[in-house]
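What follows is a short report on a single structure.
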Amino acid sequence: MMIDKRSQRLILWRMVIELTRAYRGQFAGESCLSILVCMAVGIGHLEGRPMNASKIANILYTPRTTVLRALEYLRKRGLVVKHKSLYLLNEIEARKVSASHLPKVIRIVSRASEELTKADETAARELHRAVQRGMKAAA
């Protein structure tokens, strides 16, 4: 038996909120969208495939104009640089953010992973007990 979907969602949603809060200080006064846009830029940058605003908008299911505003904000903050139509992380600023937030992010993700594992183990024990009760009742 696997952990129920409700419990999975609860654990994962809490993790996302904690991750957003962890980065919120770096993006003070800005919406959570800026964090997501910056992360999307980071994914493209780290994978060696920088993205344009349209690609980021598609990934985030967000209007391109909204993404462009967030990219401009991030560019003004010095977190993102624009090369032609592509966006990249500003390596120096990205390292500062990573250095200050990475340990906390690792703790948050590790805790969520442990919670999912415990919930899955609990579900497996409950299934085992139910099977045992069923076998006794059938005997």
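What number of residues in the stretch 37-74 are of a type outside the set (Gly, Ala, Ser) and at positive phi? Full working, then the answer.
If we filter the stretch 37-74 for residues that are of a type outside the set (Gly, Ala, Ser), which is where we start, we get 37-39, 41, 43, 45-47, 49-52, 55-56, 58-69, 71-74.
Of the ones still in play, those that are also at positive phi are 61.
Total satisfying the criteria: 1.
Here are some conditions: (1) at pLDDT below 95; (2) touching a Lys or Arg at 6+ places or on another chain (Cβ under 8 Å). Leu79 meets all but one. Which one does it not meet?
Condition (2) is where Leu79 drops out.
The values are calculated or read from the model by the stated rules, or taken from the named source; none is laboratory data. Predicted model, so just to flag it, every value in this text is computed and none were measured. All Cβ positions, glycine included, derive from the backbone under ideal geometry; neighbour counts span all protein chains shown.
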